[in-house]
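What follows is a short report on a single structure.
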Amino acid sequence: MPSSQVLEAVAVTAELCGRTFSPAAASMFVADLAGFSDGAVLKALSRCRREVRGVLTVSDVVSRIDDGRPGPEEAWAMLPRDEDTTVVWTDEMRAAWAIARPMLEADEDIPARMAFKEAYVKAVSEARENRTAVQWQVSLGHDRDGREQALKRAVELGRLSSDQARKLIPVKSSETSIGHFLITGDAKPLLEATSPEQRGNVEAHLNKLKEIVGGRLSK
């Protein structure tokens with residue numbers, strides 16, 4: 001059941017936009033917003049009261065729901081401009097980027113931006129209509145230092161978990177040295193930097209090396 005606060009906010013917003021809802025119509029309108037939290041709907045309705053000119057529709061509200069997806073301008077600014085750049089983006093951003101990328105490569109920046117925004121807004125609208133939760137994906141660039149910064153930023157924004165980022169941050173070369181292993185006893189960086197086919201042999205050799213200096217390796 002929709003909360004009385006949401007029902008009242010829908011009725012008031014509709015009236016301010018030039019349309020009066022009956023209680024039954026307001027209930028039906030709110031039912032079409034099922035799947036979104038009351039807080040998200042109330043914030044979207046607040047934006048509608050400032051931005052909508054004309055009859056209030058469910059699409060007006062859904063398009064203003066904050067579900068963690070960036071707005072079109074923010075999404076455009078986040079896109080990678082070369083293969084060195086690591087980007088953490090949504091499924092909708094990646095799909096719209098595929099449409100705009102050929103234009104960017106042809107130095108047609110303005111058409112590319114317009115095409116991206118149109119495709120992105122449509123994809124986001126469809127995802128919200130289908131109540132599809134935002135999914136963040138990582139596209140790794142060649143710049144190792146930039147990769148680490150991008151992943152850390154994504155963790156700060158809650159777009160990736162610490163564990164997800166840790167698996168993708170490149171291991172520093174000093175951590176994959178025999179010296180580091182002998183000092184710390186930590187074999188994990190060395191093993192992770194080894195191909196799966198060779199990992200067993202490397203682990204056996206490291207254990208022998210560790211026995212020479214005392215103790216067993218930690219993993």
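Taken over the stretch 1-24, the criterion of being open to solvent by 40 Å² or more (accessible area, probe 1.4 Å) and part of a helix (DSSP H, G or I) is satisfied by 4, 5, 7, 8, 12, 15, 16, 23, 24. Residues in the stretch 25-36 that are open to solvent by 70 Å² or more (accessible area, probe 1.4 Å) and assigned to a loop (DSSP other than H, G, I, E, B): 32, 35. Any residue that is open to solvent by 30 Å² or more (accessible area, probe 1.4 Å) and not in a helix (DSSP H, G or I) - is there at least one of those in the stretch 91-101? Scanning the stretch 91-101, I find no residue that is open to solvent by 30 Å² or more (accessible area, probe 1.4 Å) and not in a helix (DSSP H, G or I), so the answer is no. Being at pLDDT 90 or above and over 21 Å from residue 134 (Cα atoms) holds for only one residue in 42, 56, and it is 56.
Check whether at least one residue in the stretch 49-70 is within 23 Å of residue 153 (Cβ to Cβ), open to solvent by less than 30 Å² (accessible area, probe 1.4 Å) and not hydroxyl-bearing (Ser, Thr, Tyr), and report yes or no. Yes: one or more hits. On the stretch given as the stretch 121-156, residues that are under 11 Å from the mean Cα position of the chain (by Cα) and loosely packed, with under 12 Cβ neighbours inside 10 Å total 1. For residue 77, the criteria (1) part of a helix (DSSP H, G or I); (2) farther than 24 Å from residue 114 by Cα hold in every case but one, which is (2). Among the residues making up the stretch 13-35, those that are without any contact (Cβ under 8 Å) to a residue 12 or more places away in the chain and of a type in the set (S, T, N, Q) are 20, 22.
Would you check if there is a residue in the stretch 56-67 being out of contact with any Pro (no Cβ under 9 Å at 6 or more places or on another chain), farther than 25 Å from residue 140 by Cβ, touching a residue at least 60 places away in the same chain (Cβ under 8 Å) and part of a helix (DSSP H, G or I)?
Of all residues in the stretch 56-67, those out of contact with any Pro (no Cβ under 9 Å at 6 or more places or on another chain) come to 56-67.
Imposing the further condition that a residue be farther than 25 Å from residue 140 by Cβ reduces the set to 56-67.
Within this subset, residues satisfying the condition of being touching a residue at least 60 places away in the same chain (Cβ under 8 Å) are 59, 62-63, 65, 67.
Restricting the remaining residues to those that are part of a helix (DSSP H, G or I) gives 59, 62.
So far as the stretch 56-67 goes, yes, one or more of its residues are out of contact with any Pro (no Cβ under 9 Å at 6 or more places or on another chain), farther than 25 Å from residue 140 by Cβ, touching a residue at least 60 places away in the same chain (Cβ under 8 Å) and part of a helix (DSSP H, G or I).
The values are calculated or read from the model by the stated rules, or taken from the named source; none is laboratory data. Since the model is a prediction, treat every value here as computed from it, not as a measurement. Positions of Cβ are backbone-derived with ideal geometry, glycine not excepted, and every protein chain shown enters the neighbour counts. Ligands, DNA and RNA are excluded from the accessible area calculation, which covers all protein heavy atoms including side chains. Shrake-Rupley method; radii C 1.70, N 1.55, O 1.52, S 1.80 Å.
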